[in-house]
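Input: a single structure, listed below in structure tokens.
The values are calculated or read from the model by the stated rules, or taken from the named source; none is laboratory data. Computed from a predicted structure; not experimentally measured. Backbone-built Cβ (ideal geometry, glycine too); neighbour counts: all protein chains shown. For accessibility, only protein heavy atoms count, side chains too; no ligands or nucleic acids. Shrake-Rupley method; radii C 1.70, N 1.55, O 1.52, S 1.80 Å.
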Amino acid sequence: MTDQHGTIDSHPLDTETYPPSAEFAAQASLNDSSVYWRAAEDPENYWAQEARKLQWSRPFTETLDWSNPPFAKWFADGTLNVAANCLDRHLAAGLGDRVAIHFEGEPGDTRTITYAELTHEVKRAANMLTSLGVKQGDRVAIYMPMIPEAIVSMLAVARLGAIHSVVFGGFSAESLRARIDDAQAELVITADGGNRKGRVSALKPTVDDALALQNGTELSVKRVLVVQRTGNDISMQEGRDLWWHEEITSYDGEHTAQAFPAENPLFILYTSGTTGRPKGILHTSGGYLTQASSTHRNVFDLKPETDVYWCTADIGWITGHSYVVYGPLANGATQVVYEGTPETPDWGRWWQIIEKYGVTILYTAPTAIRACMKVGRQVPEQHDLSSIRVLGSVGEPINPEAWRWYRDVIGAGTAPIVDTWWQTETGAMMISPLPGLTTLKPGSAQVPLPGISIAVVDDEGNAVDRGQGGLLVVQRPWPSMVRTIWGDPDRFVETYWEKFGDQYFAGDGARLDEDGDIWLLGRVDDVMNVSGHRLSTTEIESALVGHHAVAEAAVVGASDETTGQAVVAFVILKSQQHLLTPEEAEQELRGHVAQAIGAIARPRQVFVVNELPKTRSGKIMRRLLRDAAEGREIGDTTTLADTAVMQTISLRMRSDQ
Ligand code: PRX
């Protein structure tokens, strides 16, 4: 298998290596490689030991129930409260005065929130939600900016044994509504707006639009709770909408957390699949919290007493769930939460935040690193980043050039980089170096974490040899694995388990080097990865053909220097639309997609063409379109019904660029 997306810029086999420094290894919590073979000998026992680091109300006696694959149950007869594990437990251990969150708003406002204060706020919010009727198993949609109340909301929902469905604040009204409908959420928690790029980005009006959509589905939402953040003018619907700050005053901070079974659902998070309909990935409590906290501790070599951790992800994505909310808080870590974007008011913002709070562990995405690289090293060099001791990367393969820049410029040439591979479905990290143990190779996520079994297999499911490529599978169940797709167990089985039986098919291509290290090569399905965000080609195509002027559309992910991949669309306009020039069509349709799905899905380019390359059976050959979009020689066209089509498209594109 070759690198389909051109994201790896050097050959894996002749790469340089970086062993951990003696100094780092000496202080690392995990610096004895026997952890790998001990975990491999008895993975269930390894995870049971990790799970026992949490606080259980009723200890579990059974670790894994895999009697009905692929529906796993972990620690099923144990009970716990996820929020109490992230909060009350630390207070009981005398850590109430430890800072949980250093909040930094984009306009420069700040809040310091200790574990005692966070616990108090979550208890009050839990009381408020209870009086609004929220109880175990109910779904609550959260559509918020990156502010402390977003985290408080998630934990309050979890505390009641209810299920949150966080929808990224950049999604459109239509996307929000589709998620609300699918989960049948009765309550939405939102804010008037958030601060982004120096402007107020309104949220409540989008909620209003979402709830007003007449889409043939009866609206499940009864109440909307609105946090006041930006003060922009919004309308409140009598009897439905409530201000958080007015409502919360009626509730005190007395709340006893009830224990729920380990398999009690914790959250649904929607992610893009190969069809137009997003999948509601369901995660449960005990196994999820075990792996989120264990990997957060081990992969970052976390020292909760002294580290200041910062993960730049938004809570709208899985990284925000596992490595802003549940992992760090379960570990009693001190972390930075930043509301805004890295370039506001200028590209020095992140580095200024690191200097200000003495951040020791930074976890971010390659796309952000590449954007900072473009701006230049002189910007971070104006700041004292000497507190940094571990760097993390997530979301897409990190190209070796960006890796080296990250280590040299941000990590003073010494900080280990942990390149963590995982997915919304895996819930927590699966493949990553351990910073005190692994000799690093720029561009490779390298080794499965202890207790995780991964293989690279051929189309028949046979493990490939070293030096070969294939498909990535997980061979044994893991604690934080997706339990099902909300409301659609058949799709769950079909998507991940039908291809290789009891091995989980991740949808990623990978290659093993001669040392057996794993190099991720990108998706092998119709899922794109733009700035570390997952987008479905089909979902964008449906949005395009939803436009009155479009007859047909094909979308591909073309490699992009900054964002990893970028959305490139090819459309055929309806014949009566000949008055729309290609330039007008491009502008109109880019905006249309942003409106329909959200700005993250806005195509980089839209090309108007007369025909699309199709096989004789009518299947669009996206592979050829990707060749064209990436400016490559067009590949094998012999299976095309009309072999001249690609020539015409290439000419069309050249005249445009
Ligand atoms: O293709 C892989 C890529 O991101 C996909 C998962 O996307 P999502 O569910 O949105 O979760 C992203 C954050 C965990 C994977 O199928 N991916 C994620 N991390 C890496 C990666 N590809 C290469 N290297 C990584 N470290």
Open item on the list: Sort 70-76, 265-271 by packing, meaning the average of other beta carbons within 10 Å per residue, with the highest value first.
Closed with: 265-271, 70-76
Task: Alpha-carbon radius of gyration plus Dmax, which is the widest Cα pair, for the range 247-302 in Å - done: 16.8, 46
TODO: Just the number, please: percent antiparallel of the DSSP beta bridges in the range 221-330, rounded to the nearest 5.
DONE: 65 percent
- [ ] Starting from the Cα coordinates of the range 133-193, work out the convex hull volume and express it per residue in Å³.
- [x] 71 Å³
- [ ] Provide the percentage of antiparallel DSSP beta bridges, counting only those with both residues in the range 256-383; round to the nearest 5.
- [x] 50 percent
Task: Relative contact order, percent, the chain [alpha-carbon distance under 8 Å, six or more residues apart] - done: 14 percent
Task: Expected 222 nm ellipticity per residue - DSSP helices of 4 or more, -39500 (n - 2.57), all of the chain, to 500 - done: -8000 deg cm²/dmol
- [ ] Could you check the simple spin-label distance between Asp488 and Thr17, using points 7 Å along Cα→Cβ, in nm with one decimal?
- [x] 4.4 nm
TODO: Could you sort 613-619, 149-155, 521-527 so that the peptide with the highest average Cβ count within 10 Å comes first and the rest follow in order?
DONE: 149-155, 521-527, 613-619
- [ ] Determine which lysines satisfy two conditions relative to Lys279: a Cα distance under 21 Å, and not lying fewer than 8 residues away in the same chain.
- [x] Lys73, Lys499
TODO: For the range 363-470, restrict the atom set to alpha-carbon positions and state the Rg and Dmax in Å.
DONE: 15.6, 53
Task: Measure of compaction for the chain (Cα Rg per 2.2 N^0.38 Å) - done: 0.94
TODO: With r as the distance between the Cβ atoms of Ser617 and Thr275 and R0 = 22 Å, compute the FRET efficiency 1/(1 + (r/R0)^6) and round to 0.05.
DONE: 0.70
Open item on the list: Please report the antiparallel percentage of DSSP beta bridges with both residues in the chain, rounded to the nearest 5.
Closed with: 60 percent
Task: Computed Kirkwood radius, in angstrom, where 1/r is averaged over Cα pairs of the range 266-392 - done: 15.8 Å
Open item on the list: Just to confirm the filter: which GluC sites (Glu not before Pro) across the range 446-524 are DSSP coil and have at most 14 other Cβ within 10 angstrom of their Cβ?
Closed with: Glu460, Glu498, Glu514
Task: Trp66-Lys303 FRET efficiency (beta carbon distance; Förster radius 30 Å; 0.05 resolution) - done: 0.30
Task: Alpha carbon convex hull of the range 18-72, projected area averaged over orientations, nm² - done: 6.3 nm²
- [ ] Quick one: Debye curve from the alpha-carbon atoms of the range 423-547 only, equal weights, vacuum; give me log10 I(q)/I(0) at q = 0.10, 0.13 Å⁻¹ to two decimals.
- [x] -0.35, -0.59
Task: Set of lysines with alpha-carbon distance to Lys222 below 23 Å, sequence-local pairs under 8 removed - done: Lys123, Lys135, Lys204
Task: Accessible area in square angstrom per residue, the range 421-560, 1.4 angstrom probe - done: 29 Å²
Task: Cα-projected label distance for Lys197 with Asp32, points at 7 Å along beta-carbon direction, nm - done: 5.2 nm
Task: Radius of gyration, Dmax [the range 166-234; alpha carbons; angstrom] - done: 12.0, 38
- [ ] Please give the per residue accessible area of the range 132-279, computed with a probe of 1.4 Å over protein heavy atoms only, in Å².
- [x] 38 Å²
Task: By average C-beta atoms within 10 angstrom, highest first, the peptides 239-252, 413-426 - done: 413-426, 239-252
Task: Principal semi-axes in Å for the range 546-644 [√(5λ), Cα gyration tensor, largest first] - done: 22, 19, 11
Task: Rounded accessible area per residue of the range 56-112, 1.4 Å, Å² - done: 43 Å²
Task: Size descriptor, Kirkwood hydrodynamic radius, that averages inverse alpha-carbon separations across the range 55-139, Å - done: 15.8 Å
- [ ] Straight distance only, please: which aspartates and glutamates reach the Cα of Lys197 with their own Cα at less than 13 Å, same-chain residues fewer than 8 apart left out?
- [x] Glu106, Glu339, Glu343, Asp346
Task: Rg/Rh (Cα only; Kirkwood hydrodynamic radius) as it applies to the range 482-598 - done: 1.08
Open item on the list: What do you get for GluC sites (Glu not before Pro) in the range 560-650 restricted to DSSP loop and a cutoff of at most 13 other Cβ within 10 Å of the site's Cβ?
Closed with: Glu561, Glu633
Task: Accessible-area composition of the chain, carbon plus sulfur, in percent [1.4 Å probe] - done: 47 percent
Task: Stretchable slack from Asp465 to Ala92, in nm (0.36 nm times residue separation minus alpha-carbon distance) - done: 129.2 nm
